[in-house]
Amino acid sequence: MKTISSRQIGEMLAAAESSPRKRSHIIVHESHQEPVQRIMIGLKRGTYVRPHRHATVGEFGVVISGHCSLLCFDDDGNVTSRHEMGPAQQTSAYDLKENEWHSLIVMSDEAVFFECKAGPFDPDNASEFAAWALPEGDPGVPDYLDRMTTAQPG
């Protein structure tokens, strides 16, 4: 049995704070070959989760602490839905089907998120990033992220 302690979560969040991407993770599964891939992710405000989709697998996610907004998009990058996620929100978890464009925006100072997907994990085909979304590291990302923070469907 594997457990994840409060100390480990604190260390994960501290690592996220010092990371250029403002996130860190704890891999729960033992191998990329396992049929179920499980990961705990520590996120800090300002991390950019580029809109993406998974062609062959769905994704189940739970915001364990903090507040995140899950944005879903159509193929042209228009926001189709926005869901406020977290223990103090009306929704804490989601289950996406394959091929759904999505992104997670951290609304609180930090958040802890659990993600589960079918394996095995293939890093070359894990995610398709949206061509209409700025790539990580682009100088326009902070402004784009600000717009995503307040984006509404329609």
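The values are calculated or read from the model by the stated rules, or taken from the named source; none is laboratory data. The shown structure was predicted, so the numbers you read here are calculated from the model rather than taken from an experiment. Here Cβ is always computed from backbone atoms with ideal geometry, including for glycine, and neighbour counts include all displayed protein chains. For accessibility, only protein heavy atoms count, side chains too; no ligands or nucleic acids. Shrake-Rupley method; radii C 1.70, N 1.55, O 1.52, S 1.80 Å.
The table that follows gives values for the structure above.
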| quantity | calculated |
| --- | --- |
| Helix-derived mean residue ellipticity, 222 nm - over the chain, DSSP H n ≥ 4, -39500 (n - 2.57), to 500 | -4500 deg cm²/dmol |
| Förster-model FRET efficiency, 25 Å R0, Phe129 and Lys2, C-beta, rounded to 0.05 | 0.25 |
| Karplus-derived HN-Hα couplings along region 23-32 (A = 6.51, B = -1.76, C = 1.60, θ = phi - 60°), whole Hz, x at Gly and Pro | 7, 8, 8, 10, 7, 8, 6, 8, 8, 5 |
| Bridge type composition, region 23-111 - antiparallel percent by DSSP, nearest 5 | 95 percent |
| Evaluated over region 101-153, the Cα radius of gyration and Dmax, each in Å | 13.6, 35 |
| For the chain, accessible area per residue (1.4 Å probe, heavy atoms of protein chains only), Å² | 55 Å² |
| Amide H contacts of Ser81 (H built 1.01 Å from N, under 5 Å, at least 5 apart or other chain) | Cys72 |
| Per-pair calculated FRET efficiency, R0 = 25 Å: Asn99 and Arg38 via Cβ, rounded to 0.05 | 0.70 |
| Interchain or long-range residues, amide H under 5 Å from Ser65's placed H | Val112 |
| Cα convex hull of the chain, projected area averaged across orientations, nm² | 9.2 nm² |
| Separation of the Asp122 and Val62 label points, Cα + 7 Å toward Cβ, nm | 2.9 nm |
| Overall form of region 1-66 per C-alpha gyration tensor (a/c, 1.5; a/b vs b/c) | oblate |
| Carbon plus sulfur fraction of accessible area for the chain, probe 1.4 Å, in percent | 53 percent |
| From phi via Karplus (6.51, -1.76, 1.60), per-residue ³J(HN,Hα) for region 63-68 in Hz, x at Gly/Pro | 8, 7, 9, x, 9, 10 |
| Under the Karplus curve 6.51 cos²θ - 1.76 cosθ + 1.60, θ = phi - 60°, whole-Hz ³J(HN,Hα) for region 94-107, x wherever Gly or Pro sits | 9, 9, 8, 7, 4, 6, 9, 5, 7, 8, 10, 10, 7, 9 |
